[in-house]
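Visitor: Sharing a structure here in C-alpha cells format.
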Amino acid sequence: MAELTYRDAVAAGIAQEMRRDENVVFLGEDIGAAGGVFKATVGLFEEFGPRRVRDTPISEQAILGAAMGAAMTGLRPIAEIMFSDFLAVCWDLVANEIAKTRYMTDGQITLPLVIRTANGAGSRFGAQHSQAVENWAMAIPGIKVLAPAFPADVKGLIAAAVRDPDPVIIFEQKSLYAFKGEVPDGEHVEPIGKAKVLRHGTDCTIVALALMVHRALAAAEILERDHGISCTVVDVRSLVPLDTLTILAEVAKTGRLVTIEENPRLCGWGAEIASIVADEIFWDLDGPIIRITTPHIPLPSADWLEDNTIPSVERVVREIREKID
Amino acid sequence: MDTTKPNEPTALGHDIRLELYRMQLELRYCEKRAYDLFLQNLIKGTSHLSLGQEAIAAGFGVAMRPDDWTFCTYRGHAHTLARGASMEGVLGELMGRQCGLLGGKGGSMHLTDVSKGAMGSYAIIGAHLPVAAGAAWSAQYRGTEQVAVCFFGDGTTNIGAFHEALNFSVVWKLPVIFVCENNLYMEYTPISSVTAVEHPAADRASAYGLEKIVVDGNDADEVYRTAVKYMERARKGGGPALIECMTYRHSGHSRADPGQYRPEGELERWLERDPIKIYRERLLGLGIVEATLTDIEGASMRKVDEATETAKGSPVPTLDQIEKNVWADGSAAWRN
C-alpha cells in the first residue's frame, strides 16, 4: 500500500492503463506539458509523449467528438473536460452522440471511451465552475457514471472505465484532489457498478457520493459519539449502473434512508434511490426518507456562502438528529 | 503525359465513368422510391432526400478505399448506399423493418453500415465533424493511411462544431476531408441571407490555413477527381481539406417541405444541370453506346424494385429488441 493523493491517483490510474494497452490515448486542454490545471495528470506527457498524451485547443466539442471517432475505430481514448460545468458546451456529444450511438446503430458501433471531469464545489469558484452535475449524466441512457471518493477508487475506477467496452464518465471531486489515502500497490482495478459499505450501523443508512461520503463518515462519527445514533455509510461510487442490491440491503437493515447529495435539490440522484427504496422495500422502512441536498440554487462564490450551501457535516448531524429518534 | 494526374480531364477511364453513372442512378432511383413509399405511408417519420445531389455521394463513393470512413448527416441515404450498404437494408430501415440496417432503431436519419465504412449518419448539425476528425486521428495514430470523409450541408458552416473540428484537424494534421454540399438553402432559408461570406465553407478555409476549394457538385467527374486528389494527399500525411461542392436539392428540405420559398425558375434552371442528365450526355459524347446506358438504367431500377419488395416482405422488429443493445453486453441494464 502506498499513500497517494486523489490527484496522484488519477495520473496513476491513467498511467497503469497506458502502459498496459498501446491503444489507450489521452486528450484534453492543458493535460500534457502543463500536467493539468489541477495537476492531476502530471508525468503522463513525460512518460508517454505527445503522440499519446495530446493537448487540445479549447474546443470541448472537438475533444469529445475526437474521442468518439477514435473509440469507434479502435482506440480507447480518455478525454478530459476540465470542469464538469463545461460539459454544457459539448452536451450534444455526450447526450446525443456518445450515449445513443450504440443503441441507434443496433450494436454496430461500440464506444470504449472515458470522459474525466472535475466536478463539485468547495473551491470558491462560483456557479460556473463548481456545480455537481452527475445527475445530468445519470439522466441519459447509454453512459456509465462514476464518482469516486477515495484515491484507491480513483485509480481503480479509472482503470475499470478504460477497460469497459462502453462510454464511461468519471466525476472527480475537485476539492478532494489533495485528499490522501492508501492505494494498493501493483495493478489495481475496481468493479464498476458496486457500492461500498464503509461503516456499519443500526439506526440509519446514509447513502452518499464523492465529497459527501467524507462528510457522511464525519457526521456518523459525531452522531455515534455524541448522540448515540449509529449509522451505516454507503459510498454509491457508481450511479450507472446502480448497485441497488447493496443499497436496498443496507437500508432494510436499519430501516431508515438518508441521502446526502451535493447536487441541487430537483431530480438529484438521491430522489431516484428514494423512489426505488419506496417502491421495493417500503415495509422495511421505520420512518420517512431524508434527502439532504444543496438548495435548488446556482452556487454562490464567497467561502462563507458556499460552505453554508452544500451539505456540511454539521448540517448532516443536525438533520439526522432532528429526524431520527 | 501522366494519365493518373487527378486534374487531367481525360484521365478517367470508361469503367470508372460507368460506375459513376450506375451509382448516381441507383441513388436517384432509391431516393425516388423512398419518396413514393412515403406517399404510400410505408415510410413514417421524416426523410431528407438527396435528389439532385447524387454526384457528390457517387464521386466520393467511387473514389474512396473500402476501408475509408464516411460520416454523413441526416441527409445520408445516398452516402450510405454509395459505400455499398445494402439497399434493402436502407429501405428496410426507412420502413422500420427487421431487415433494416439498424433493426428499426435508428431510422432515416441515422443510417450506418460499419462493415462498409459508413460510420453513421448524424442528425444534430455539426456533431459529426469532430467525430470524423477522431476517426482520422485513429488512422493517423495507427498508421493505416485510411481517410475519413465527412459530408455536411451549407447550414453546418454556421455552427460551432464546424469551426472547432476544422481548427483541431488542421492543428493535428489529420487525414480527414470535409465536404460541404452547398445546396443554397440551410433548411428553408437561403444560406446567403444568414452567412457572412459568399461561399459558406470555402471562404472560411483561409481562417484555418486551408486552400479555398469550390467545385461543381453536379459534375461527378469533377467531384471524383477532387476526391482522389485530396484523399491521396491526406493519406500521405498532407492533412485535411475543406471542399465546397455547389449543388441543388430538387426536393424540399424534408418530407414536410414542398420548397415553395424558392424563386420562380430556380428549380428549372438547376434541373437543366441535373447531374444525371449532364452525365448521360457526356457519356454519349464520349462514344459510349446508348444500349450500355439503358442496360445500366434497367439494372438499377430492378435493383431498387427487388430491394423494395424484400424490405416490404420483412417483418417488423420483435418487441424484445426495444431493450437490447444499449450496452456492449447487449443489455439495457442500469441496475442490478
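Throughout, read-outs are computed from the coordinates displayed, never taken from laboratory work. Remember, it's a predicted structure, so these values are computed and weren't measured experimentally. Quick reminder, even Gly has a Cβ in these numbers, built from the backbone with ideal geometry, and neighbours come from all protein chains shown.
Visitor: Is there a pair in A:253/A:323; A:39/A:196; B:32/B:312; A:39/A:155; A:144/A:196 whose C-alpha atoms are over 21 Å apart, and which pairs would that be?
Guide: Where the Cα-Cα span goes over 21 Å, the pairs concerned are A:39/A:196.
Visitor: Only loop residues by DSSP count here, and only those with at most 15 other Cβ atoms within 10 Å; note down the chymotrypsin sites (Phe, Trp or Tyr not before Pro) in the range B:123-170 that meet that.
Guide: none
Visitor: So for the protein assembly as shown: antiparallel DSSP bridges make up what percent, rounded to the nearest 5?
Guide: Percent antiparallel among DSSP bridges in the protein assembly as shown is about 15.
Visitor: Residue A:194: which aspartates and glutamates have alpha carbons under 15 Å from its alpha carbon, excluding same-chain residues fewer than 8 sequence positions away?
Guide: A:153, A:164, A:235, A:243, A:250
Visitor: Also, I was wondering about something else. Between rounded, prolate and oblate, where does the protein assembly as shown land on the alpha carbon gyration tensor, with a ≥ b ≥ c its root eigenvalues, rounded for a/c under 1.5, else prolate if a/b exceeds b/c?
Guide: prolate
Visitor: So, one more: Could you work out the mean count of beta carbons from other protein chains within 10 Å of each residue's beta carbon in B:318-325?
Guide: Partner-chain Cβ atoms within 10 Å, mean over residues of B:318-325: 2.
Visitor: Shifting gears a bit: Amide H neighbours of residue A:149 under 5 Å, counting only residues 5+ apart in sequence or on other chains, H built in-plane at 1.01 Å?
Guide: HN-HN under 5 Å from residue A:149: A:210.
Visitor: Sticking with this one: May I ask you to list, by number, the DSSP H helices of chain B whose Cα span along the axis is at least 18 Å and whose average Kyte-Doolittle hydropathy reaches 0.0 or more?
Guide: B:128-142
Visitor: So, one more: What percentage of all Cα-Cα pairs in chain A are separated by more than 35 Å?
Guide: Percentage above 35 Å: 19.
Visitor: Next question, about the same structure. Helix A:60-71 against the longest principal axis of chain A: what's the angle in degrees, Cα atoms only, rounded to the nearest 10?
Guide: Roughly 70 degrees, rounded to the nearest 10.
Visitor: Still on this model: Can you give the angle from 0 to 90° between the axis of helix A:211-227 and the longest principal axis of chain A, with both taken from C-alpha atoms, to the nearest 10?
Guide: Orientation of helix A:211-227: about 20 degrees from the principal axis.
Visitor: What residues qualify as long-range amide H neighbours of residue B:118, i.e. H under 5 Å apart, gap of 5 or more or another chain, H built at 1.01 Å from N?
Guide: B:70, B:113
Visitor: Moving on to the next point. Within 10 Å, count the other beta carbons around each residue, average over each peptide in B:32-38, B:90-96, and list them highest first.
Guide: Ranking the peptides B:32-38, B:90-96 by packing returns B:90-96, B:32-38.
Visitor: Moving on. Kindly provide the trypsin sites (Lys or Arg not before Pro) of the range A:13-63 that DSSP labels as loop, not H, G, I, E or B, and whose Cβ sees at most 10 other Cβ atoms within 10 Å.
Guide: none
Visitor: Rounded to two decimals, what ratio of Rg to Rh does the range A:65-166 give with C-alpha atoms and a Kirkwood Rh?
Guide: Rg divided by Rh gives 0.97.
Visitor: State the Cα centre-to-centre distance between the range B:119-145 and the range A:20-80 in whole Å.
Guide: Value for the Cα centre distance between the two parts: 16 Å.
Visitor: Now for a different question. Could you work out the mean count of beta carbons from other protein chains within 10 Å of each residue's beta carbon in A:85-95?
Guide: The per-residue average across the peptide is 2.
Visitor: If you fit an axis through the alpha-carbon atoms of helix A:244-254 and take the longest principal axis of the Cα set of chain A, what angle between them do you get, 0 to 90°, nearest 10?
Guide: Taking the Cα atoms of chain A, the angle to A:244-254 is about 20 degrees.
Visitor: How high is the relative contact order of the range A:2-183, in percent, counting Cα pairs under 8 Å that sit 6 or more residues apart?
Guide: Across the range A:2-183, relative contact order equals 28 percent.
Visitor: How large is the translational diffusion coefficient of the range A:196-323 in µm² per second when you combine the Kirkwood radius over alpha carbon pairs with Stokes-Einstein at 10 °C and 1.306 mPa s?
Guide: Here the translational diffusion coefficient equals 109 µm²/s.
Visitor: If you look for lysine pairs in the range B:150-304 that are eight or more places apart or on different chains, how many of them have Cα atoms under 22 Å apart?
Guide: Total qualifying Lys-Lys pairs in the range B:150-304 comes to 6.
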